[in-house]
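Everything below concerns the one structure shown next.
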2 protein chains.
Amino acid sequence: MTDSLPPIQTTARDDAVLKALAGFVRQEALGPGEKLPTERILAERLKVSRNTVREALTRWEGLGLVERRQGSGTYLKAAVSPDMLHMPLTLAGGNDFAGLMRTLEIRRALEAEAAALCAVRAGKAEIAEIERKLDIMEEAFHARAGMSSEEDWEFHQSIYRASGNPLFEQIISAMHELFHRFWEHPLGVRDFGHASFPYHRTIFDCIAAHDPEGARAEALKLIATVEDDLKRGAANLKLSDRR
Amino acid sequence: MTDSLPPIQTTARDDAVLKALAGFVRQEALGPGEKLPTERILAERLKVSRNTVREALTRWEGLGLVERRQGSGTYLKAAVSPDMLHMPLTLAGGNDFAGLMRTLEIRRALEAEAAALCAVRAGKAEIAEIERKLDIMEEAFHARAGMSSEEDWEFHQSIYRASGNPLFEQIISAMHELFHRFWEHPLGVRDFGHASFPYHRTIFDCIAAHDPEGARAEALKLIATVEDDLKRGAANLKLSDRR
DNA sequence: GTGCAGAAATTGGTTGGACCATTGAACCAC
DNA sequence: GTGGTTCAATGGTCCAACCAATTTCTGCAC
């Protein structure tokens, strides 16, 4: 009965500051790396206290939009537009085996969908770019007799980009980052990722052939090999009783 | 109650504040909804200024971990542990039709995977809970001759919870929120979501039968009906040239 | 003029104190 | 009970400093 009576909004200083700042960035066409006005100037221009400006900037910093360097200034870290939507995720206990497996389940879902979408939408240029990254990766693999995480990652990124939906790259990138933050040298498993190598080309073949279901299936196989590697690592971990 | 809050070290004050607070929450076993010490008390106990406490809490607020209510206090909104990992995502341009379709592609991937995982992992208790939510939803549907977004959402949430991976609920919830922020009464499409109704029970049947691939397929069908509704809405929008 | 060390200005980080706006509980008349 | 009023508690904002890291300028030695 008393629906459609949302709480009213009287004050929202720091939100207003962020809105104004987003408009400023847009108007000045500022891009990543560029410096934005000092806190003192913002406070003066916006007619708010420096404290309020700081709270607003703290929010942006927490979202990774901005970087503050004491003595130097505040710099944009990413593109910013007035109609951004924020989706902060917190993963409790992400530095143990179970946490890693949880992120991998998300990645499995997204990786498969991205590969399928890519197979549908990728044009000639995108397919050529993916193949280029694939060649680089395979060359690195043979030269160093093992997976090169850098080149491997670039190959996957090219697929996300060709999916036509930037959200895939954003979300998977975030998980990729916290994946590597805690498991830089994954669990002492030798040849980590080795088993995933052949599937990179099979995925590409399906994409090039515009076969979405095939691409999805191959992507699932690839993730399955990574999960196996992780499980081996967990077994190792149990033996050595680390952590 | 507010013991065990020793003063903190030097440098990186606000991070240290958050660390101390996380430890405090852990020690006092505070859960969602509970109130934590006032800013003034925190400032005094931690031997930092109230502004520093506020910057730290602003960060947590931005991450959705905490809610501040003026005149009342600061309350936990989610479980918090010292070893959390944060993954803030900012999505550019989500309030137009193309943006909505992009979020729906992500949701399609996750919804399908969550349903499949749920079919594998859900125990008797989880299945009973899902069926309870389904019954409530169906009852509301027949009573009001249309989809009830509230009950519908609760049904889906129960599936995410039963998937055994809280990330599904976190990510999809975030997208669900921004979905409704801009399209509260979706696009003037009458009977929005009507077509999705039957698939709720077919999904449940597959889950109850522990049939992951069936659940995945039905979930994909459900999302497809939502996409169709959205496309119809976009067509309406073009006619009226709103926005 | 060049190069470099030290001074000075700039800028984010922190502090303490003050006041405002909202909330919620206690209290009071009716 | 119901509906106001008062009042203390609490988050929100503001101000005016000062600290610490960085950058820029200055002036001296060469």
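Worth pointing out:
- In the protein assembly as shown, helical runs assigned H by DSSP with n ≥ 4 each contribute -39500 (n - 2.57); averaged across all residues and rounded to the nearest 500, the mean residue ellipticity at 222 nm is -21500 deg cm²/dmol.
- Dipole magnitude of the protein assembly as shown, debye to nearest 20 (Cβ charges: Lys/Arg +1, Asp/Glu -1, about Cα centre): 1800 debye
- Centre-to-centre separation between the Cα atoms of the range A:33-68 and those of the range B:72-91: 22 Å.
- Cα-based shape type of the range B:77-121, given that a ≥ b ≥ c are square roots of the gyration tensor eigenvalues and the cut on a/c is 1.5: oblate
- Angle in degrees between helix B:124-144 and the longest Cα principal axis of chain B, rounded to the nearest 10: 60 degrees
- Relative contact order [Cα under 8 Å, 6+ residues apart], chain A, whole percent: 19 percent
- Between 0 and 90°, nearest 10: helix A:13-28 axis offset from chain A longest Cα axis: 70 degrees
- Label geometry 7 Å along the beta-carbon vector: B:Ser72 inter-copy distances in nm: 4.2
- Among the residues of B:111-118, the average count of other protein chain beta-carbon atoms within 10 Å of the residue beta-carbon is 2.
- Low-density loop cleavage sites - trypsin sites (Lys or Arg not before Pro) in the range A:26-78, where at most 12 other Cβ are within 10 Å (DSSP): A:Lys47
- Each copy carries A:Arg121; placing its label point 7 Å along the C-beta direction from Cα gives inter-copy distances of 2.9 nm, listed from smallest up.
- Gyration tensor verdict on the protein assembly as shown (Cα atoms; rounded if a/c is under 1.5, prolate if a/b is larger than b/c, oblate otherwise): rounded
- Relative to the other identical copies, A:Ser173 shows label-point distances of 2.6 nm, where the label point lies 7 Å from Cα along the Cβ direction and values run shortest first.
- Low-density loop positions, GluC sites (Glu not before Pro), the range B:30-93 - DSSP coil, at most 13 other Cβ in 10 Å: B:Glu34
- Averaging Cα coordinates gives a centre for the range A:197-222 and one for the range B:135-175; these two points are 33 Å apart.
- Compactness of chain A is given as radius of gyration and Dmax, 22.4, 70 Å, from Cα positions.
- Remark: spin-label model distance A:Glu213-A:Arg201 equals 2.6 nm, labels positioned 7 Å along the Cα→Cβ axis.
- Crossing angle, helix B:197-208 versus chain B [Cα axis fit, 0-90 degrees, rounded to tens]: 70 degrees
- Peptide A:57-65, shielding by other chains (average Cβ, 10 Å cutoff): 5
- Value in Å of the Kirkwood radius, where the range A:63-163 supplies the Cα pairs that are averaged: 16.9 Å
- Taking the square roots of 5 times each eigenvalue of the Cα gyration tensor of the range A:21-124, largest first, gives ellipsoid semi-axes of 35, 20, 11 Å.
Laboratory data are not the source of any read-out in this text; all were calculated from the coordinates shown. What you are looking at is a predicted structure, and each value in this text was computed from that prediction instead of being measured. Note: ideal-geometry Cβ built from the backbone for every residue, glycine included; neighbour counts use all protein chains shown.
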